[in-house]
Amino acid sequence: MDYSRWSKRALIERLQNLDKLVGTLEPETATNTDIVMVTTGEVDSTTPKRSRPPMKFDFSNFPKRKVAFKFSYFGWAYHGLARQGNALESEEKRLVESEFPTIEGEVFRALAACKLIEDESSCDYSRCGRTDRGVSGFGQVIALYVRSAGQYISDEEVEAELAKGTDASRITRDEQNGGRAVLLPLAERELPYVNMLNKTLPPAIRILAWSPVMPEFNARFSCRSRFYRYFFSEEGLDIGAMKEAAQ
């Protein structure tokens, strides 16, 4: 019905009449169809759309690269950093991780949700160290293979890239990519790993930075040194006595 030429008074009367009609519908018998008929004068006969099953993400279409992540976390609500086995590999493991949550469990859930890894067992994961239940960390480092915005290239394309001056470090070839050559993007054109993960992780865990690393890099065994700092609230502490005892 075209209301564009109706007067203000006529429109108000029309709305009042519709309100009266809607008010006569009993709550237990009123349906969406009833309301549509009263308010629009026609029945919505649109056939409900069928929900399509989600398409399976094909990791074989995307190359991988090895990176290191630096992150921080408040560990008060967690049963330590390290998960028990692969936290997502089975329903039993997921139940254990749900009952006894760990920092790594949260990280791997975020990695999987962002489609950065296909599974835990094949990403060459390593951690720099571990912390116990309730302990926080502000400079933890892990390393693993993740999905990249790079592209697979042929041997001919490798030669062409090198000939035009492409940095050789951007061209990799390793077992994780089935021996195929990969042209990695510049850092600013890589997937926004930090933003992607932080949008998925709980607020208690924050990715601080990422860095490309060599395939042989291991977060534990390639580490040159570690340092620990302990933070205490001054409330209830005799700082003077503590300093004297530390002399």
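The values are calculated or read from the model by the stated rules, or taken from the named source; none is laboratory data. Model, not experiment: these values are computed from the prediction. Here the Cβ positions follow ideal geometry from the backbone for every residue, glycine too, while neighbour counts run over all protein chains shown. Please note that ligands, DNA and RNA were not included when accessible areas were found on the heavy atoms of the full protein model with its side chains. Shrake-Rupley method; radii C 1.70, N 1.55, O 1.52, S 1.80 Å.
General remarks:
- Scanning region 106-130 for residues that are open to solvent by less than 30 Å² (accessible area, probe 1.4 Å) and more than 19 Å from residue 199 (Cα to Cα) yields 120, 123, 126, 128, 129.
- Condition broken by residue 181, with the remaining ones in (1) out of contact with any helix residue (DSSP H, G or I) (no Cβ under 8 Å at 6 or more places or on another chain); (2) among the small types (Gly, Ala, Ser); (3) modelled with pLDDT of 95 or more satisfied: (1)
- Which listed residue is touching a Gly at 6+ places or on another chain (Cβ under 7 Å) and charged (D, E, K, R), from 189, 173: 173
- Residues in region 193-214 that are surrounded by 14 or more Cβ atoms within 10 Å (Cβ to Cβ) and in a loop (DSSP other than H, G, I, E, B): 201, 202, 204, 213.
- Subset of region 151-192 that is in a helix (DSSP H, G or I) and under 14 Å from residue 215 (Cα atoms) - its residue that is least open to solvent (accessible area, probe 1.4 Å): 177
- Filter pass, residue 218 being touching a residue at least 40 places away in the same chain (Cβ under 8 Å), under 24 Å from the mean Cα position of the chain (by Cα) and not in a strand (DSSP E or B): yes
- For residue 205, the conditions (1) in contact with a Pro (Cβ under 8 Å, 6 or more places away or on another chain); (2) over 16 Å from residue 64 (Cβ atoms) are fulfilled apart from (1).
- Region 106-150, subset in a strand (DSSP E or B) and touching a helix residue (DSSP H, G or I) at 6+ places or on another chain (Cβ under 9 Å), residue modelled with the lowest pLDDT: 137
- Candidates in region 131-145 are the residues that are among the β-branched types (Val, Ile, Thr) and touching a strand residue (DSSP E or B) at 6+ places or on another chain (Cβ under 6 Å); of these, the one that is surrounded by the most Cβ atoms within 10 Å (Cβ to Cβ) is 141.
- Region 76-105 - residue that is of a type outside the set (A, V, I, L, M) and crowded, with 21+ Cβ neighbours inside 10 Å and, of those, nearest to residue 136 (Cα to Cα): 78
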